[in-house]
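Here is the structure we will look at.
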Amino acid sequence: MASTVFAILFYLATLLFVVGLLYRISTYARTPAPLKIPTTPAPTTTGGVVLRMTREVVFFESLFKANLWTWGMGMLFHASLALVTLRHLRYFTDPVWAWVEFIQPFGIYAGITMLLGLLGLWARRLLVERIRYISTPSDHLMLVLLIGIAASGLMMKFVAHTDVIAVKGYFLGLMHFNVQVLPADLLLAGHLSMVVALLVVFPFSKLLHAPGVFFSPTRNQKDDPREKRHLSAWAAKLESEKN
Amino acid sequence: MADIVAPAYRTIPIIPALKPGAMEGKGPFVASEKLNEALGFPGQLVEDWHDKVIAKMGDMLSKYRSFRVFMDACVHCGACSDKCHYFIGTQDPKNMPVARQDLMRSVYRRYFTIPGKLFPKLVGARDLTREVLDEWYNYFNQCSECRRCSVFCPYGIDTAEITMAAREILDSVGYGQKYSNEIIGKVHKIGNNLGLPGPALIDTLEGLEEDVKDATGIDVRFPIDVKGAEVLLITPSADFFAEPHIDSLIGYAKVFHATGTSWTLSSMSSEAGNFGMFIGNYDQLRTIAMRIRQAALELGVKRIVVGECGHAWRVAYSFWNTLTGVGDGADANDRFAQMLQKQLDHRYKQPAHICEFTWDMIQDERLTFDKSKNDKHIITFHDSCNVARGSRMGDMPGGQFEIPRNIIKAVANNFVEMAPNTTREQTFCCGGGGGLLTDDLIDLRVKGALPRMEVLKNAVDEHGVNFMATICAICKAQFTKVMPIYGFDRKMVGGVHQLVSNAIQLGPK
């Protein structure tokens, strides 16, 4: 019963995640940027823009300039999350790729640092007056959800082991549309439910910052307005109408 | 005016505590029916403003990727929350960039996202009520569109884009701001922001020629409407009579004179400023910029040079090519742009900043200076926000910081920097930019100047600074007004070309 319910949930959530995200990304891509608005000083070449974007996405360059505490906590959380996610590839591959095998121990520690990063970010949200002022209930809930996912995952590793072989069998089965039996385990059920929730809210929430940053005109535009005429379709129309 | 006092300097610039509501209802005067209608906006707030606002918002979301992405991408991390000069000066939490954006974002969430439609309270979504609209008017007219927050945002969210969208939406339902709309009306009617008619302008320029002759004994010309001149100078109209602006205009004329450059002003297009950007209206931005194209075509000039004006330089550098074809690199079949670009001389940057022009001439050794003429000054440089964060000079990113400083060092002996986290791309707004340089906002302007005044005070105490150079007409006007309130001499502020003017050697070499 639970196996079937989770199978349906995962299929629906994944579908919603993929379709929702693609829809959102296509909206961003289709919306024109009529004016050149890079925050300067900005790179003048495409290569320079790729570098700027890489520094922004990998090292959170602007946040580093803004606030070291937020940068530190944010970095700790995101880097840990990346490792943890990669570690989880072992539940979806058979045989497990060598590099995924290699990062397993780091992935475990990353679970702990991810939790620490999240708690740090939440503390900032609760304790700093300015950040508390701008926080909505959903900002807190998002952190609670991620803390829940991290904590339940760590509990299964360090407190009450779940049958990971069976879990792996279940997800490999899902990938081939063959529903296997999921171990009946409260922690696991909680962990998976929260992951489903995360997939569902992703395309409708502030988690859109992940694709959004790549479409931010202040970061992805070249600084070359004098050298190259930049004209969007709707702005070009004004010209043909009036001149 | 009597009750306006400067906020106290913070000994250590700690982040201020919040004072909710401190600037509520302190927005600028609303535009009159006449002013609005002259620009094609409804005269006053329309009956069905609610539906019109939502429809306009949808329209803007489909036209501007910046607005679209910025509405979604914010995670409320707070990186920007202590970066705005108006927040620092007023302590009103709604002047934090993220909170200012949220005034708009809360409505976006309610009407354009599923979670906001289903669970408004949960995601901080709000119905668009008259109170919300009034709040927009109030706080989106307390942003100078200086882009300082966008430097620090991990997603590059630029509050200026949201402020511009908000003002555009408000104008579209007849809820415009008096100062900006009045000025745009003057540009259309008379040709410049200050409403200086052609004959008065010609008179002024003749007077200037006499003044310079009296002071130097040399016939420096201030030509206007000269067909076939090489350079068309487009400068903020404040340069024609406001102090200290006019001293920089004299500086430009001396540079042209000393280098033997044929140049001209245009009576039809006697304004570099473009308040169309401040109100976020593409049509106004374009129509105002078109006058420069028209003047360039009529006068047949080879180069277009822009005087000391911050937002004008952003519009000229970043937008003119898009709006009017003043620039390079248009498609061969782009007849509109090619018509002008074929006329311009592309050995030079089009358009060029007057500082680029002067610095090129200094490097070519076509100018000589007596630096000791500026020895009475210990000079610092205030980077103006639109130049710093919305434009460039020269070939390298950051040239907008180096070139004006290089000029100052070439014409004067004493130059010192202010605190590094308040210069270059991290510079603080003067407190009067973005269409807020009006007496009905004097309280906001004084408070917004606090961060700059603090570091200036340090530079004065530590290095004896007695001159702050800047290349923006709004900065000059704002500082002249607020600096006395902070206990500084208003004559401390001036242009870079004012220093050039002091030191330049005009006689035979």
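Take every DSSP beta bridge whose two residues both sit in chain B; close to 10 percent of them are antiparallel. Per-residue 3J(HN,Hα) values for the range B:145-159, derived from phi via the Karplus relation 6.51 cos²θ - 1.76 cosθ + 1.60 with θ = phi - 60°, read 6, 8, 6, 5, 4, 5, 5, 9, 6, x, 10, x, 5, 10, 4 Hz in sequence order (x marks Gly and Pro). Inter-part distance, the range B:483-509 to the range B:313-357, computed on C-alpha centroids, equals 31 Å. Binning all Cα-Cα separations of the range A:65-146 at 5 Å, short to long from zero, yields these whole-percent fractions: 3, 14, 21, 19, 14, 11, 8, 6, 3, 1, 0. Where only DSSP H runs of four or more residues are counted, chain B gives -14000 deg cm²/dmol as its mean residue ellipticity at 222 nm, each run worth -39500 (n - 2.57).
Taking 13 Å as the straight-line reach from the Cα of B:LYS409, the aspartates and glutamates in range (excluding those fewer than 8 positions away in the same chain) are B:ASP370, B:ASP375, B:GLU417. Computed over chain A with a Gaussian network model linking Cα atoms closer than 10 Å, the most mobile of A:LEU154, A:LEU51, A:LEU21 is A:LEU51. Three semi-axes describe the equivalent ellipsoid of the range B:296-366; taken as square roots of 5 times the Cα gyration tensor eigenvalues and ordered largest first, they are 22, 15, 10 Å.
Based only on Cα atoms, what mean projected area does the convex hull of chain B have, in nm²?
Mean projected area of the Cα convex hull: 23.8 nm².
Taking amide H positions as modeled 1.01 Å from N, with prolines and chain starts lacking one, the residues under 5 Å from B:ILE234 and 5 or more places away or on another chain are B:VAL305, B:VAL306, B:GLY307.
Scalar couplings 3J(HN,Hα) for the range A:154-160, obtained by applying the Karplus form with A = 6.51, B = -1.76, C = 1.60 to θ = phi - 60°, are 5, 4, 5, 7, 9, 10, 10 Hz; x denotes Gly and Pro.
The convex hull built on the alpha-carbon positions of the protein assembly as shown has an orientation-averaged projected area of 35.0 nm².
Modelled spin labels at B:GLU206 and B:THR368, positioned 7 Å past Cα toward Cβ, are 3.5 nm from each other. Sorted largest first, the spans of the alpha carbon positions of the range B:209-321 along the three principal axes are 47, 31, 20 Å. For GluC sites (Glu not before Pro), the sites in the range B:362-439 that DSSP calls loop and that have at most 10 other Cβ atoms within 10 Å are B:GLU365.
Exposure proxy for B:ASP334, B:ASP383: other Cβ atoms within 10 Å of each Cβ, ordered fewest to most, give B:ASP334, B:ASP383.
For a straight C-alpha distance cut-off of 21 angstrom, the lysines reachable from B:LYS117 (same-chain residues fewer than eight places away being disregarded) are A:LYS206, B:LYS52, B:LYS56. Report the FRET efficiency, 1/(1 + (r/R0)^6), for A:ALA197 and B:ASP214, where r is their Cβ-Cβ distance and R0 is 51 Å, rounded to 0.05. The computed FRET efficiency comes out at 0.05.
The tail of the calculated P(r) for chain A beyond 21 Å holds 68 percent of all Cα-Cα pairs.
In terms of other Cβ atoms within 10 Å, A:TRP69, B:TRP313 run from fewest to most in the order A:TRP69, B:TRP313.
Taking the helices alone, chain A has a mean residue ellipticity at 222 nm of -23000 deg cm²/dmol, built from -39,500 (n - 2.57) per DSSP H run of at least 4 residues and averaged over all its residues.
Isolated cysteines of the protein assembly as shown, defined as having no other cysteine beta carbon under 4.7 Å away, are B:CYS74, B:CYS77, B:CYS84, B:CYS143, B:CYS153, B:CYS309, B:CYS355.
The share of Cα pairs per 10 Å bin across the range B:33-182, counted from zero up to the longest distance, runs 11, 41, 37, 11, 0 percent. The trypsin sites (Lys or Arg not before Pro) of the range B:1-49 meeting both criteria, a DSSP state outside H, G, I, E and B (loop) and at most 14 other C-beta atoms within 10 angstrom of the site's C-beta, are B:ARG10.
Once the Cα-Cα distance is subtracted from the 0.36 nm per residue extended length, the A:GLU129 to A:PHE177 segment shows a gain of 12.3 nm. Panel order for B:PHE70, B:PHE275, A:PHE10, by other beta carbons found within 10 Å of each beta carbon, from fewest to most: A:PHE10, B:PHE275, B:PHE70.
The Cα center of the range B:66-136 and the Cα center of the range B:241-296 differ in position by 36 Å. For B:VAL30, the amide hydrogen comes within under 5 Å of the amide hydrogens of B:LYS178, counting only partners 5 or more places away or on other chains and with H modelled in the peptide plane. Too long at a 29 Å Cα-Cα cut-off: which of B:LYS447/B:LYS491; B:LYS19/B:LYS186; A:LYS228/B:LYS178; A:LYS36/A:LYS237; B:LYS121/B:LYS447; B:LYS227/B:LYS254? From the list (B:LYS447/B:LYS491; B:LYS19/B:LYS186; A:LYS228/B:LYS178; A:LYS36/A:LYS237; B:LYS121/B:LYS447; B:LYS227/B:LYS254), the Cα-Cα distance tops 29 Å for B:LYS19/B:LYS186; A:LYS228/B:LYS178; B:LYS121/B:LYS447. Rounded to the nearest Hz, the phi-derived 3J(HN,Hα) couplings of the range B:103-119 under the Karplus curve 6.51 cos²θ - 1.76 cosθ + 1.60 (θ = phi - 60°) are 4, 7, 4, 4, 6, 4, 4, 5, 9, 10, 10, 5, x, x, 6, 8, 10, where x marks glycine and proline. Calculated on C-alpha atoms, the gyration radius of the range B:410-506 divided by its Kirkwood radius gives an Rg/Rh of 0.97.
Read the figures in this text as sums done on the coordinates, not as results from a lab. These figures come from a predicted structure and were not determined experimentally. Using ideal geometry, Cβ is built from the backbone for each residue, glycine included, and neighbour counts are taken over all protein chains shown.
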